[in-house]
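The values are calculated or read from the model by the stated rules, or taken from the named source; none is laboratory data. In this text, all values refer to a predicted model and were calculated from it rather than measured experimentally. With ideal geometry, Cβ positions are generated from the backbone for all residues, glycine too; neighbour counts draw on all protein chains shown. We work out accessible area using only protein heavy atoms, side chains counted, and drop any ligands, DNA or RNA first. Shrake-Rupley method; radii C 1.70, N 1.55, O 1.52, S 1.80 Å.
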Amino acid sequence: MTKYIFVTGGVTSSLGKGIIAASLAKLLQARGFRTTIQKFDPYINVDPGTLNPYEHGECYVTEDGAETDLDLGHYERFLNTHTSQANNVTTGRVYQYVINKEREGAYLGKTVQVIPHITDEIKRRMTLLGQNNQYDIVITELGGTVGDIESLPYVEAVRQLKWELGNENCIVVHLTLIPYLKAAKELKTKPTQHSVKLMSENGLNPDILVCRTEEPLYKDLKRKIALFCNVTQDAVIEALDADTIYSVPLEMMREKLDVTCLQKLQLPLNEEPELNKWKEFLNKLRYPKSKVTVGLIGKYVELQDAYKSILEAFIHAGALNECKVEVRNIHSEYLTPENAIEKLQNLDAILVAPGFGSRGIEGKIDAIRYARENHIPFFGICLGMQMACVEFARNVLGIKNAHSTEMNPDTTDGVIAMMEEQKQITQKGGTMRLGSYDCELVQGSRTASIYSSTHITERHRHRYEFNNEYLEAFEKAGMLPAGKNPKTGLVEVMEVKDHPFFVAVQYHPEYKSTVENPHPLFVAFVKAAKEAQEKRNSLGHQVFEKSVAEG
Ligand code: GLN
């Protein structure tokens with residue numbers, strides 16, 4: 001029978017529940033258990049697809065086209081497996097389902113209520129992935145903090161499940177904070193006691209406490225926490241601040257979080273977790289042999305979480321190259337042709353990020369022009385690819401009005417435009433080209449050699465496409481479609497000829513990069529940045545720029 005672990009949070013948000021859940025899943029997976037993770041978010045949005053990245057960070061996209069919370073990205077990066085629609089549920093989706101059923105008359109005249117109708121639907125979804133004997137263990141992270149009004153139906157659903165399935169099949173891991181008061185030089189357990197009390201007022205007791213702390217928890221303190229929070233002494237787990245999220249699985253292993261969970265679930269300990277590849281990655285990450293600086297040009301750069309998957313993909317690709325990738329955030333809104341040289345000249349490579357809307361768009365185009373003309377390795381993702389095409393049309397093909405119809409609906413030269421099917425759609429949520437699509441790469445192209453394959457699948461999240469009416473002109477002038485969708489002929493990859501690295505993709509490769517499988521395009525891009533740096537160093541910066549200017 002499938003066993004369930006629920007991960008809840010107390011005291012404050014941002015304690016890293018997603019990383020703790022992913023680390024626990026990694027350890028259980030490494031012990032041979034078939035493990036998956038899902039996230040339940042208490043907000044009313046049906047999915048995070050319509051949320052501004054400033055509100056909620058990046059929207060992550062799964063193979064099957066679900067727009068999800070960014071924690072699912074951590075799950076995939078840690079576990080090296082795919083998640084799906086079923087792995088992210090929001091209150092909005094639960095209510096939408098229940099209300100639709102009510103409209104269909106499915107409740108036969110009954111009053112539809114939070115208990116039992118909403119909680120039943122939450123329980124149904126919590127146990128969905130556990131059916132068909134697909135998994136030994138399903139970990140469910142509950143978004144938000146215990147005590148929030150929105151969390152109540154979820155806490156109640158877990159309470160009921162624990163009663164129905166039994167404590168040996170269903171446990172709660174509660175993540176809390178043990179603050180350190182500098183003036184008193186003391187670790188304080190009271191906020192944790194309060195958050196456990198709050199939970200128990202709703203009938204739910206945690207089985208394990210994971211305590212985030214800046215200072216090590218000494219033995220007596222662990223005993224005190226156990227005593228006052230009513231958990232066994234081995235169930236108080238110390239989670240010290242870590243230098244990288246990727247060391248957390250090893251920290252949790254040292255604290256025996258996996259062992260304690262398995263004992264409480266009455267599961268065999270099997271063999272020790274096999275984490276050789278993980279440790280090798282961590283070693284390379286900690287001791288790089290070189291360093292490159294990559295400019296990330298975007299409009300949400302103030303918020304780290306807005307480009308989460310891109311930053312993580314750089315960490316994976318950097319480690320493989322034994323190279324530290326320093327990502328320098330450059331706000332596209334403040335980039336102009338006048339200051340482009342000053343802002344971009346010390347970069348080893350430039351990435352133009354995905355995005356929506358026209359704010360900062362000309363800055364992105366200026367950065368692309370700088371990268372193309374000065375032979376700086378360039379990587380464009382989604383909007384970054386679209387703007388690379390606009391830049392090329394304007395500055396190489398001389399089509400001065402070239403634009404995307406997203407930014408300028410009246411342009412006479414929409415080199416990026418909306419396809420007919422997309423035009424029919426008026427709603428916003430879940431209406432983009434989403435999820436995994438096939439792409440055929442041109443034999444002999446740079447991209448095909450990077451992937452070592454001509455058939456790939458990659459995930460999408462966009463409305464606009466390259467307008468194939470312009471394709472011939474682009475090809476003649478040296479921007480080549482290295483990849484197309486085999487069914488629709490839509491352009492997926494563009495490459496510029498006679499450039500050390502100029503690859504622009506309509507899809508989002510960052511979603512598929514994992515610790516164990518760094519994405520080949522990011523790996524190749526970091527390598528190109530290293531080579532560009534070596535070349536600059538050997539030529540001397542001035543000489544290099546001059547030689548480029550002179551062709
Ligand atoms: N705004 C562009 C579109 O909808 C690009 C989207 C993106 O970068 N994800 O097509």
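Listing for the model above:
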{"read-out": "Considering residues of region 491-505 that are touching a residue at least 40 places away in the same chain (Cβ under 8 Å) and more than 16 Å from the ligand (Cβ to nearest atom) only, the residue surrounded by the fewest Cβ atoms within 10 Å (Cβ to Cβ)", "value": "PRO500"}
{"read-out": "Residue count, region 383-400 (criterion: open to solvent by 10 Å² or more (accessible area, probe 1.4 Å) and either among the charged types (D, E, K, R) or within 29 Å of the chain's Cα centre (by Cα) (or both))", "value": "2"}
{"read-out": "Qualifying residue in region 401-411 (condition: within 21 Å of GLY49 (Cα to Cα), of a type in the set (A, V, I, L, M, F, W, C), touching a strand residue (DSSP E or B) at 6+ places or on another chain (Cβ under 9 Å) and within 14 Å of the ligand (Cβ to nearest atom))", "value": "yes"}
{"read-out": "Within region 455-551, helices (runs of 4 or more DSSP H) holding 3 or more residues that are modelled with pLDDT under 95", "value": "520-539, 541-549"}
{"read-out": "Test for VAL327: is it without any contact (Cβ under 8 Å) to a residue 40 or more places away in the chain and closer than 23 Å to ARG461 by Cβ", "value": "yes"}
{"read-out": "Residue list for region 107-127, restricted to those being of a type in the set (A, V, I, L, M, F, W, C), at pLDDT 95 or above and either more than 11 Å from ALA157 (Cβ to Cβ) or within 25 Å of the chain's Cα centre (by Cα) (or both)", "value": "VAL112, ILE122, MET126"}
{"read-out": "Residue list for region 89-127, restricted to those being without any contact (Cβ under 8 Å) to a residue 60 or more places away in the chain and touching a Phe, Trp or Tyr at 6+ places or on another chain (Cβ under 8 Å)", "value": "VAL89, THR90, GLY92, LYS101, HIS117, ILE118, GLU121"}
{"read-out": "Residue list for region 49-87, filter: without any contact (Cβ under 8 Å) to a residue 40 or more places away in the chain, closer than 21 Å to TRP278 by Cα and in contact with a Phe, Trp or Tyr (Cβ under 6 Å, 6 or more places away or on another chain)", "value": "LEU72"}
{"read-out": "Sole exception among (1) under 24 Å from GLU475 (Cβ atoms); (2) open to solvent by 40 Å² or more (accessible area, probe 1.4 Å) for GLN424, by number", "value": "(1)"}
{"read-out": "PRO249 vs. criteria of a type outside the set (Gly, Ala, Ser), assigned to a loop (DSSP other than H, G, I, E, B), surrounded by 15 or more Cβ atoms within 10 Å (Cβ to Cβ) and modelled with pLDDT of 95 or more", "value": "no"}
{"read-out": "Single condition SER436 does not satisfy, out of (1) more than 27 Å from the chain's Cα centre (by Cα); (2) open to solvent by 20 Å² or more (accessible area, probe 1.4 Å); (3) of a type outside the set (Phe, Trp, Tyr); (4) within 16 Å of the ligand (Cβ to nearest atom)", "value": "(1)"}
{"read-out": "Region 458-476, residues that are touching a residue at least 24 places away in the same chain (Cβ under 8 Å), away from the ligand (no atom under 16 Å from the Cβ) and open to solvent by 40 Å² or more (accessible area, probe 1.4 Å)", "value": "ALA473"}
{"read-out": "Any hit, region 442-454, residues being over 15 Å from ALA482 (Cα atoms) and more than 16 Å from the ligand (Cβ to nearest atom)", "value": "no"}
{"read-out": "Any hit, region 228-235, residues being under 31 Å from the mean Cα position of the chain (by Cα) and at negative phi", "value": "yes"}
{"read-out": "Subset of region 506-535 [touching a Pro at 6+ places or on another chain (Cβ under 8 Å), open to solvent by 30 Å² or more (accessible area, probe 1.4 Å) and within 16 Å of the ligand (Cβ to nearest atom)]", "value": "none"}
{"read-out": "Answer from LYS289, LYS308, LYS343, LYS299 - the residue that is over 30 Å from GLU255 (Cβ atoms) and either among the hydrophobic types (A, V, I, L, M, F, W, C) or within 16 Å of the ligand (Cβ to nearest atom) (or both)", "value": "LYS299"}
{"read-out": "Condition check for GLU274: more than 16 Å from the ligand (Cβ to nearest atom), closer than 23 Å to GLY73 by Cα and part of a loop (DSSP other than H, G, I, E, B)", "value": "yes"}
{"read-out": "Restricting region 350-366 to residues that are within 15 Å of the ligand (Cβ to nearest atom) and among the hydrophobic types (A, V, I, L, M, F, W, C), the residue that is most open to solvent (accessible area, probe 1.4 Å)", "value": "PHE356"}
{"read-out": "Verdict on VAL94 being open to solvent by less than 40 Å² (accessible area, probe 1.4 Å) and in a helix (DSSP H, G or I)", "value": "yes"}
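Conditions tested, residue by residue: (1) surrounded by 24 or more Cβ atoms within 10 Å (Cβ to Cβ); (2) at pLDDT below 95; (3) in contact with a helix residue (DSSP H, G or I) (Cβ under 6 Å, 6 or more places away or on another chain).
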{"residue": "SER14", "(1), (2), (3)": "no, yes, no"}
{"residue": "ILE20", "(1), (2), (3)": "yes, no, no"}
{"residue": "ARG34", "(1), (2), (3)": "no, no, no"}
{"residue": "ASP41", "(1), (2), (3)": "yes, yes, no"}
{"residue": "THR50", "(1), (2), (3)": "no, yes, no"}
{"residue": "VAL61", "(1), (2), (3)": "yes, no, yes"}
{"residue": "GLN85", "(1), (2), (3)": "no, yes, no"}
